[in-house]
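Visitor: One structure is given below, represented as structure tokens, and several questions about it will come after.
Readers should treat all values here as calculations from the given coordinates under stated rules, not as data from a laboratory. Just so it is clear, the model here is predicted, and its values are computed rather than measured. Cβ atoms come from the backbone with ideal geometry, glycine included; neighbour counts cover every protein chain shown.
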Amino acid sequence: MADFDAIVVGGGLVGTAVAYGLARRGRKAVVLDEGDIAHRASRGNFGLVWVQSKGFGVPEYQRWTRRSSEDWGAFSAQLQKETGIASGHERPGGVTLCLTEEELDKRRRMMAQLHLEAGETNFEYEILDHAQTKKLIPAIGPQVVGASYTRYDGAANPLYTLRALHAALLQHGGRYVPNARVEHINAAPNQFSITINGTTYAAPRLVLGAGLGNKALGEKVGLNVPVRPVRGQIIVTERVAPVLPMPTLMIRQTVEGTIMIGESREDAGWIDTTTPEIVHTLAERAVKTFPFLRDVRIVRTWAALRVMAPDGLPIYEQSRDFPGAFVCTCHSGVTLAAAHALHYAQYVIDGALPPELARFSTRRFDVQAAA
Amino acid sequence: MFKLLPDTPSERVTVLVDDVTVQVPPGYTAAAAMLMNTDEATRTTATSNQPRAPYCMMGVCFECLMEINGVPNQQGCLVIVSEGMRINRQQGKREINV
């Protein structure tokens with residue numbers, strides 16, 4: 001029997017961020033990680049720390065995302081100080097580039113609405129025409145009619161971030177157990193135990209941070225977590241000299257010089273492979289946006305599965321049947337990593353989620369589907 | 001540093017390695033042609049300008065990046081030499097003109 005203050009199921013960006021937050025606050029945390037057979041959204045992530053366009057119609061989500069983006073700089077600096085690993089986080093602002101007047105009009109209306117919904121948190125943004133966009137990013141092509149810009153947007157390297165979180169977790173006395181697929185959970189209020197390979201891990205707190213695995217795990221502790229996979233495909237190019245000074249929603253250049261092209265969304269079940277049609281569509285739009293990409297070499301493509309709730313929002317909840325059991329899941333594990341480490345971990349310790357996270361409760365799923 | 005295999009055909013293809021004319025057997029890759037004619041680094045890395053040279057010679061490691069006929073960042077181990085091919089070292093990141 002190994003006693004802990006908290007068991008975290010899931011060793012990706014979400015689970016490890018919460019576990020790190022717990023360990024930093026002096027709590028004994030153990031991470032149970034399924035292994036490489038898991039779908040591992042954290043390994044396939046695009047890496048944006050993105051604010052604009054998050055939370056349309058849901059001000060609580062806009063605020064939570066914005067808060068995480070504000071926290072990211074300190075979060076990244078702290079991880080680097082503790083582990084020596086740089087997350088590659090940058091916050092130069094970001095743009096969503098529009099190729100038609102219709103796209104730009106839609107964008108303009110969306111940003112105006114987000115501004116309204118921000119209330120006193122004052123969401124600042126700009127709608128740029130072609131010339132103004134070209135001043136920010138000279139590489140755009142003539143087909144770019146304009147863009148929306150906010151200074152809140154940025155990006156990080158998801159792999160370095162994950163590695164830093166793992167290293168920091170261990171430094172703070174946390175434990176990481178690989179190849180630990182959780183099949184059974186012994187649950188009682190504020191009393192949980194899980195046995196893996198003959199070792200029983202016990203704790204008064206349980207955090208489900210296992211991405212798409214949360215659906216089945218949640219059922220074991222009275223949590224309804226209706227997440228489904230949404231596939232995203234990504235194109236990766238050769239490394240080139242700095243040419244994109246800030247990320248766009250679809251295309252960004254990494255610190256190392258690689259250009260990543262992404263932003264596809266498909267319901268493809270559990271199939272996490274790329275398709276020629278989507279790669280073609282991505283490449284076509286990328287070349288229209290940045291004509292220089294025409295002769296930049298693609299070195300690989302990949303696909304990964306987003307962890308998506310029916311309404312696209314995160315799911316944060318404490319079980320009513322088994323108090324002490326929490327679920328923490330979202331499709332923005334990079335953007336929200338700072339909030340999960342710095343805030344969500346504290347709520348787990350407190351044993352209560354604050355009112356500002358009530359909008360992300362599983363109660364929103366407690367309605368009957370229309371026939 | 002390297003020796004030719006005993007059964008190497010006697011024909012030769014003329015290529016330019018770093019602007020120097022050299023002759024290599026047909027079927028050789030650009031990376032092999034470079035290795036035959038230098039025992040120094042054949043590129044510097046994109047992130048930290050570290051010296052590197054071809055390593056896996058089978059398309060996996062990307063250590064053999066070179067500029068071939070004016071196109072940068074090519075995997076030299078996957079490109080077969082042809083008459084008059086120009087092969088140059090890759091220095092750091094590829095530059096982009098926009």
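Visitor: Quick one: net charge of B:Ala53's neighbours, Cβ under 14 Å, K/R +1, D/E -1?
Guide: -1
Visitor: Suppose every K and R has +1 on its Cβ and every D and E has -1 on its Cβ; what is the size of the dipole of segment A:94-150 about the Cα centre, in Debye to the nearest 20?
Guide: Approximately 200 debye in magnitude.
Visitor: Then there is this: Expressed as a rounded percentage, what relative contact order does chain A have, with Cα pairs under 8 Å and six or more residues apart?
Guide: Answer for chain A is 25 percent.
Visitor: Right, here's the next one. Per the helix-only calculation at 222 nm, which mean residue ellipticity applies to chain A, given -39500 (n - 2.57) for every DSSP H run of n ≥ 4 and division by its residues, nearest 500 deg cm²/dmol?
Guide: -9000 deg cm²/dmol
Visitor: Could you derive backbone 3J(HN,Hα) for segment A:165-174 from the dihedral phi with the Karplus parameters 6.51, -1.76 and 1.60 (θ = phi - 60°), listing whole Hz in sequence and x where the residue is Gly or Pro?
Guide: Couplings: 4, 4, 4, 5, 4, 5, 4, 8, x, x Hz.
Visitor: Follow-up question, since we're still on this one. So for each of A:351-360, B:28-37, A:7-16 I average, over its residues, the number of other beta carbons within 10 Å; can you give me the resulting order with the highest mean first?
Guide: Output ranking for A:351-360, B:28-37, A:7-16: A:7-16, B:28-37, A:351-360.
Visitor: Counting other Cβ atoms within 10 Å, which GluC sites (Glu not before Pro) in segment B:1-69 have at most 14 and lie in a DSSP loop?
Guide: Those that pass, being in a loop and sparsely packed, are B:Glu11, B:Glu40.
Visitor: Given a cut-off of under 8 Å on Cα pairs at least six residues apart, what relative contact order in percent is computed for segment A:228-308?
Guide: Relative contact order for segment A:228-308 comes out at 47 percent.
Visitor: While we're on this one: What spacing in nm lies between the two simple spin-label points modelled at A:His280 and B:Thr47, each 7 Å away from Cα in the Cβ direction?
Guide: Label at A:His280, label at B:Thr47, 3.5 nm between them.
Visitor: What is the sum of charges around B:Asn97, taking Lys and Arg as +1, Asp and Glu as -1, for the other residues whose C-beta is under 14 Å from the C-beta of B:Asn97?
Guide: +1
Visitor: Which residue, A:Ala19, B:Cys64, A:Gly269, has the largest displacement toward the positive end of the dipole of the protein assembly as shown when charges sit on each Cβ (Lys, Arg +1; Asp, Glu -1)?
Guide: Value computed over the given set: A:Ala19.
Visitor: Might you report the magnitude of the Cβ-based charge dipole of the protein assembly as shown about its Cα centre, with Lys and Arg at +1 and Asp and Glu at -1, to the nearest 20 debye?
Guide: Dipole size: approximately 560 debye.
Visitor: Another question, then. Tell me which residues come under 5 Å, amide H to amide H, from B:Val13 once H is placed; ignore anything under 5 positions away on its chain.
Guide: B:Val24
Visitor: Along the charge dipole of chain A, which of A:Thr83, A:Ala341, A:Gln253 sits closest to the positive end, that is, farthest toward it, with unit charges on the beta carbon of Lys, Arg, Asp and Glu (+1, +1, -1, -1)?
Guide: Going by the charge dipole, the pick is A:Thr83.
Visitor: Can you find, among A:Ala202, A:Val287, A:Val225, the residue farthest towards the positive end of the dipole of the protein assembly as shown? Put +1 on the C-beta of Lys and Arg, -1 on that of Asp and Glu.
Guide: A:Ala202
Visitor: Which chymotrypsin sites (Phe, Trp or Tyr not before Pro) in segment A:1-97 sit in a loop by DSSP (not H, G, I, E or B) and have at most 16 other Cβ atoms within 10 Å of their own Cβ?
Guide: Of the chymotrypsin sites (Phe, Trp or Tyr not before Pro), the ones in loops of segment A:1-97 whose Cβ has at most 16 other Cβ atoms within 10 Å are A:Phe56.
Visitor: Between A:Val367 and A:Glu183, 0.36 nm times their residue separation minus their Cα-Cα distance comes to what?
Guide: 63.4 nm
Visitor: With θ set to phi - 60°, apply the Karplus curve 6.51 cos²θ - 1.76 cosθ + 1.60 along segment A:133-139 and write out the HN-Hα couplings as whole Hz, x wherever there is a Gly or Pro.
Guide: The phi angles translate into 5, 5, 5, 6, 10, x, 6 Hz.
Visitor: Could you run the Karplus curve 6.51 cos²θ - 1.76 cosθ + 1.60 with θ = phi - 60° over segment A:209-225 and give me ³J(HN,Hα) per residue in whole Hz, x for Gly and Pro?
Guide: Listing the rounded values in order: x, 9, x, 5, x, 5, 4, 6, 5, x, 4, 6, 10, x, 10, 8, 10 Hz.
Visitor: Still on this structure: Would any residue of segment B:58-98 have its amide N under 20 Å from a label point 7 Å out along Cα→Cβ of B:Gln23? List them or say none.
Guide: Counting backbone N atoms under 20 Å from the label point, the list is B:81-87.
Visitor: Something else: Just for the protein assembly as shown, what percent of DSSP beta bridges are antiparallel, to the closest 5?
Guide: Bridges in the protein assembly as shown that DSSP calls antiparallel: roughly 70 percent.
Visitor: Across peptide B:86-98, what mean number of C-beta atoms from other chains lies inside 10 Å of a residue's C-beta?
Guide: Partner-chain Cβ atoms within 10 Å, mean over residues of B:86-98: 4.
Visitor: In a Gaussian network model over chain A where Cα atoms closer than 10 Å are linked, find which of A:Ala286, A:Ala29, A:Ala268 has the largest mean-square fluctuation.
Guide: Most flexible of the set in this elastic network: A:Ala268.
Visitor: Subtracting the Cα-Cα distance from 0.36 nm times the residue separation, let me have the gained length for A:Ala131 to A:Glu102 in nm, one decimal.
Guide: Value of the extension gain: 8.6 nm.
Visitor: I need to check one value: relative contact order of segment A:94-150, counting alpha carbon pairs closer than 8 Å and at least 6 residues apart, in percent.
Guide: 54 percent
Visitor: Amide H neighbours of A:Leu244 under 5 Å, at least 5 residues apart or on other chains, H built in the peptide plane: list them.
Guide: none
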